[in-house]
Amino acid sequence: METPNTILIVDDDKEIRSLLADYLAGHGYTTLMAADGMTMWAMLEKNTVDLLVLDLNLPGDDGLTLCRNLRAKSKLPVIMLTARGEPLDRILGLEMGADDYLAKPFEPRELLARIRSVLRRSHFSVEQSREDKTDKLQKIRFGDWVLDLVARHLISPDQRVIALSGSEYRLLTIFLDQANTVLNRDQLLNLTQGRDADPFDRSIDIQISRLRQKLGEDARSPQIIKTVRNGGYVLTVNVTAEI
């Protein structure tokens, strides 16, 4: 029998923590709870956690700080809970490495759908990496850069290793798989997060901006991932596979 995924809920509101824990437990997940960052770190140290639901507003270190510190040492999937009407919070959450975000107030079933989507993408990446370690594609060269599919990091033209968050890695692999093809925001959001964009959703633009920074791109004149006016984005360099 398959072991249920473990979800750690970090929120200083006891009622919200308990409600989400009960709801997710009722849908087959093992749930853990923490009211602040200190407890969160202790939980992560003692337990195997598959996904973190992290509130932005916490006592002590806030969710953004915790997400940034976590991302420096782990690829654990993170869904950030933010206040409705605060787009800057969502932007910062994605920049800190969150895999998805959800604005409060929200329906628990929407969070459940986001959790399933993020875990599905995460599990696919893990299985793909396992395959890559055996006899399949291990590296992709694009222009002067290399993406290591096993270690899931970039190697720069001067041989520096550059870490990628889970969302950055997924986005880059989509561009590499569909090089020289223009992809619009709706397509990219659906491919990376399994959902359609709303008219004000700029999460893909944020992730592309962050990925361009990792690639050392000039924001005003990018040469690898280019912007197509009224079309979307396209990766324009040559792509070759390495075993």
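Things worth noting here:
- Overall dimensions of the range 1-57 by Cα: Rg and Dmax, Å: 10.9, 37
- Karplus-derived HN-Hα couplings along the range 162-170 (A = 6.51, B = -1.76, C = 1.60, θ = phi - 60°), whole Hz, x at Gly and Pro: 10, 6, 10, 6, x, 5, 5, 4, 4
- Paired Rg and Dmax values of the range 137-242, which use every Cα atom, in angstrom: 13.2, 40
- Here the Karplus curve 6.51 cos²θ - 1.76 cosθ + 1.60, taken at θ = phi - 60°, turns the phi angles of the range 51-57 into couplings of 7, 10, 9, 10, 6, 6, 8 Hz, with x standing for Gly and Pro.
- Inter-label distance, Thr240 to Ile174: 2.8 nm, where each label sits 7 Å from its Cα along the C-beta direction.
- Ala103 long-range amide H proximity, modeled H, under 5 Å: Thr82
Here, each number is a calculation from the coordinates, and none is a lab measurement. Note that the coordinates shown come from a computational prediction; the quantities given were computed from them, not determined experimentally. Note: ideal-geometry Cβ built from the backbone for every residue, glycine included; neighbour counts use all protein chains shown.
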